[in-house]
Amino acid sequence: MPFLILRTGLSKGASWPITETPLLIGREQGCQIALPDSLISRRHCEVVLAAGQILLRDLGSSNATFVNGKPVDTCTLMPGDQVMLGRTVLLVSEEDHSEDAVQPEALSRTTVSLTEGQAIYLQRDPLEGSENETPHRTADLAQLFNLSRSFSRVDSLNELIAQLTNAVLDRFNPLDLWIALLDETSGKLQVAKQKTFGTPAKMPEAAMRQALTDMRGSLVPERIRMDNAKVLQLSLIAPIHFAGQGIAAIALRSHSRHRLYDETDLHFLVSLANTAAPFFEAIRHRTRLQREVKRLRQAHQQALTLVGESPCMQRVRQTIQEVADTPHPVLLVGETGTGKEIAANLIHELSSRATGPFVPVNCAAIARELFESELFGHERGAFTGATERKTGMMEQSNGGTLFLDEIGDLSPEHQAAILRALETKTFRRVGGKDQIASDFRIVAATNRNIHQEVASGTFRRDLYHRLRGVEILIEPLRDRPADIADLAEHFLEAARPTCKHPIAGFEPDALEFLRAQAWPGNARELRYCIESAVTFCKNDRIAIADIQTAMTGALRPGAPRPLSEIERRAIEEALAYCNGNVVQAARLLGIGKDTLYRRLAQYRNPD
């Protein structure tokens with residue numbers, strides 16, 4: 001079988017079998033042999049095997065077709081003849097004498113790479129150069145300009161990728177095309193668009209990632225065998241980057257029987273990628289802003305859960321606004337149920353760490369022997385039952401906020417362990433040897449009288465000072481009765497989706513009744529009460545009877561018992577259950593021990 005073998009250019013050695021099907025040669029992308037030579041006509045000539053002879057026909061080319069140095073219109077070719085079109089030379093051969101296929105890495109010496117600044121269309125004078133190339137470059141510049149105008153009108157990432165895909169397909173006519181986006185969080189390349197017009201191929205991910213790392217486009221040739229002939233496969237790769245940050249990468253592939261790429265194509269693809277880059281970044285930036293607006297709206301909505309216009313709550317909200325976006329640790333102090341975890345969440349949401357994790361740790365709820373494993377994690381085999389490595393909460397909070405709730409309940413040894421980790425921002429998993437670093441912001445909370453605990457030596461003074469960069473006191477509900485009505489309305493609104501019938505609000509005397517209660521469980525107890533009252537309410541407004549029923553927990557005939565009697569009975573039962581241990585009884589009741597002491601003194605000395 002006779003062959004035409006390319007003897008010039010980057011694709012030197014590529015070959016095409018000559019058969020009864022004409023080989024159309026020219027600059028047009030639809031030609032079987034597409035040659036990017038400005039001196040070649042779009043449809044320059046054709047070669048065909050007819051009746052055992054190799055025939056060449058010139059198709060009215062502008063610069064003629066030469067065989068062995070002589071211009072021809074139609075002629076018979078023999079093995080050894082050289083066909084010259086513009087600056088391109090083809091050899092007629094009885095056999096495929098192109099070089100044996102080699103591994104891609106062995107061809108690295110022929111790979112062409114290009115940075116943004118080297119692209120001819122991005123230079124100060126892109127038209128400088130050969131006079132014959134000026135019209136071609138002018139057309140490419142016009143296309144890049146029109147594409148930039150088109151890109152400026154898109155309002156979504158999908159639309160931008162679609163327009164970029166169409167531009168690449170029109171200009172390069174590839175067999176394979178990939179556009180992959182670099183994920184900002186994971187750093188992985190994710191396929192956004194893939195087009196395959198031949199046998200499905202695998203995306204050249206490693207080469208695309210390297211292009212993003214080096215910020216260089218590349219033209220990579222590889223010799224492959226196809227239909228018992230050796231052909232040249234060419235890959236064009238260009239990074240899309242902005243201000244030194246990778247955004248995406250484009251890769252396209254063809255071979256010498258379909259479309260040959262040269263350095264001019266590489267220049268254009270790099271220029272196209274950099275034309276599209278600012279629009280990719282603009283859409284990414286707008287998406288980030290939209291996420292930020294959504295986050296701030298959610299944070300604002302959450303701020304409404306710190307309900308109340310009392311001086312205390314106004315001060316709490318103001319302080320949170322001031323300290324949220326600082327690196328200082330925050331210590332939240334207040335009785336159980338006052339809203340310390342809500343305040344901690346709000347501090348996180350209003351900080352620059354809001355996109356990171358919020359990891360709450362209830363120091364009082366973790367068994368003493370498991371505390372270090374939960375907080376620092378453990379290695380496989382560290383103790384019985386440790387069947388696999390576990391990531392601790394301190395490591396999970398990297399880049400975000402670690403919320404240590406009920407910090408006052410820590411044992412002395414655990415206080416020391418946390419202090420060491422907070423000072424160094426490093427720790428070791430249980431059973432591990434390596435020091436692990438974690439970048440987190442610390443927010444702590446306690447329902448104890450922390451100053452008294454420090455003074456008595458129960459709580460480490462150095463840990464207290466490490467935690468209280470800013471200390472925020474949330475007063476109990478009994479000290480801010482003006483907030484009770486607002487909180488009751490807020491909890492009713494939250495409970496409305498569960499109402500069996502519409503409830504318009506509260507009877508006026510019901511709100512007065514709520515204000516008169518002590519609420520030892522603070523806002524949490526009030527919320528449970530309102531949720532239960534909604535269940536018991538039979539009318540369109542919640543009455544005192546509904547609230548009393550909710551507070552007793554059951555429907556009882558006759559006049560309801562006074563709240564003070566119910567509270568006193570609950571305290572007596574808790575103390576009996578805990579064998580007189582005030583600290584345990586307070587924890588069981590969900591109140592601070594100081595509050596329980598005050599209640600006991602009140603009941604023992606009613607006057």
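Quick one: Karplus J couplings for the range 59-72, per residue in order, coefficients 6.51, -1.76, 1.60, θ = phi - 60°, nearest Hz, x for Gly and Pro?
With the stated coefficients, the range 59-72 comes to 9, x, 5, 6, 10, 6, 10, 10, 10, 6, x, 10, x, 9 Hz.
Indicate the gyration tensor shape class of the range 229-340 (rounded, prolate or oblate), computed on the Cα atoms with a ≥ b ≥ c the square roots of the eigenvalues: a/c under 1.5 is rounded; otherwise a/b larger than b/c is prolate and the rest oblate.
On the way: a/c = 4.82, a/b = 4.35, b/c = 1.11.
Verdict is prolate for the range 229-340.
Check which residues have an amide H placed less than 5 Å from I240's amide H, if you skip close sequence neighbours.
Under 5 Å from the amide H of I240 lie the amide H atoms of I247, A248, A249, I250, each far enough along the sequence or on another chain.
Select from S397, T326, V359 the residue farthest towards the positive end of the dipole of the range 313-413; place +1 on Cβ of Lys and Arg, -1 on Cβ of Asp and Glu, and compute about the Cα centre.
Among S397, T326, V359, the one farthest towards the positive end of the dipole of the range 313-413 is T326.
With the other protein chains left in place, how much accessible area per residue, in square angstrom, belongs to the chain at a 1.4 angstrom probe? Intermediate values should be presented prior to the final figure.
On the way: 30350 Å² over 607 residues.
On a per-residue basis, the chain sits at 50 Å².
Among the listed pairs K202/K230; K188/K230; K340/K390, which have their C-alpha atoms separated by more than 25 angstrom in this model?
Listed pairs above 25 Å: K188/K230; K340/K390.
Take C578 and A601, extend 7 Å from each Cα along the Cα→Cβ direction, and tell me the distance between the two endpoints in nm.
1.8
Once fully extended, how much extra length lies between D486 and V112, figured as 0.36 nm per residue of separation less the alpha-carbon to alpha-carbon distance?
127.6 nm
If I take R0 = 45 Å and measure r between the Cβ atoms of R57 and F145 in this structure, what FRET efficiency does the formula 1/(1 + (r/R0)^6) give, to the nearest 0.05? Working shown, then result.
Details: r = 39 Å, r/R0 = 0.86.
Efficiency computed from Cβ-Cβ geometry: 0.70.
With every protein chain kept in the model, how would you rank D486, D81, D265 by accessible area, 1.4 Å probe, largest at the top? It would help to have the intermediate numbers written out before the result.
Working: D486 70, D81 25, D265 5 Å².
Result of the area sort, largest leading: D486, D81, D265.
Going by accessible area, probe 1.4 Å, with all protein chains left in place, what is the ranking of E453, E46, E309, largest first?
Details: E453 15, E46 40, E309 115 Å².
From most exposed to least exposed: E309, E46, E453.
Just grab the label-to-label distance for E20 and R569, each label 7 Å out from Cα along the Cβ direction, in nm (one decimal).
Placing both labels 7 Å along Cα→Cβ, they lie 10.6 nm apart.
Just to verify a number: what accessible area does V454 come out at with the full protein assembly present, 1.4 Å probe, Å² rounded to tens?
Accessible area, nearest 10 Å²: 10 Å².
Classify the range 7-82: rounded, prolate or oblate, from the alpha-carbon gyration tensor (a ≥ b ≥ c, eigenvalue square roots; a/c under 1.5 rounded; otherwise prolate if a/b is larger than b/c)? Please list the in-between numbers first.
Details: a/c = 1.36, a/b = 1.23, b/c = 1.11.
Here the range 7-82 falls in the rounded category.
Can you give the helix-only mean residue ellipticity at 222 nm for the chain, where every DSSP H stretch with n ≥ 4 adds -39500 (n - 2.57) and the sum goes over all residues, rounded to the nearest 500 deg cm²/dmol? Write out the running numbers ahead of the final one.
Values: 18 runs with 224 residues, N = 607.
It lands at -11500 deg cm²/dmol.
How many nm is it between the label spots at E453 and A386, if each spot is 7 Å from the Cα in line with the beta carbon?
With each label point 7 Å from Cα toward Cβ, the separation is 2.7 nm.
If you stretched the chain out fully between R461 and D509, how much longer would it get, using 0.36 nm times the residue separation minus the C-alpha to C-alpha distance?
Working: separation 48, 0.36 × 48 = 17.28 nm, distance 4.77 nm.
Computed gain between R461 and D509 is 12.5 nm.
What range in the chain is the longest one free of chymotrypsin sites (Phe, Trp or Tyr not before Pro) that are in a loop by DSSP and have at most 13 other Cβ atoms within 10 angstrom? Before the final figure, lay out each step's value.
Details: sites that count: F197, F383.
The segment 384-607 is the longest one with no such site.
Can you pull the percent of the chain's accessible area that's carbon plus sulfur, 1.4 Å probe, other chains left in place? Don't jump to the answer; show the numbers that get you there.
Numbers: 14910 of 30350 Å².
Within the chain, the accessible surface is 49 percent carbon and sulfur.
Tell me which lysines have Cα within less than 21 Å of K500's Cα, excluding those fewer than 8 residues away on the same chain?
K538
Just to verify a number: FRET efficiency for E159 and S186, C-beta to C-beta distance, R0 = 25 Å, to 0.05? Walk me through the intermediate numbers first.
Values: r = 24 Å, r/R0 = 0.97.
FRET efficiency, E159 to S186: 0.55.
Which trypsin sites (Lys or Arg not before Pro) in the range 192-268 pass both tests, a DSSP loop state and at most 10 other beta-carbon atoms within 10 Å?
Values: sites: K193, K195, K202, R209, R216, R223, R225, K230, R253, R257, R259; in loops: K202, R257, R259.
Passing both the DSSP loop test and the Cβ count: K202.
What length, rounded to one decimal in nm, is gained on full extension from E531 through to E28, with 0.36 nm per residue of separation minus their alpha-carbon distance?
Values: separation 503, 0.36 × 503 = 181.08 nm, distance 7.61 nm.
Here the answer is 173.5 nm.
The values are calculated or read from the model by the stated rules, or taken from the named source; none is laboratory data. Small disclaimer: the values here were computed from a predicted structure and weren't measured. All Cβ positions, even for glycine, are placed from backbone atoms using ideal geometry, and neighbour counts span all protein chains on display. What goes into the accessible areas is simple: the full protein's heavy atoms, side chains included, and nothing from ligands, DNA or RNA. Shrake-Rupley method; radii C 1.70, N 1.55, O 1.52, S 1.80 Å.
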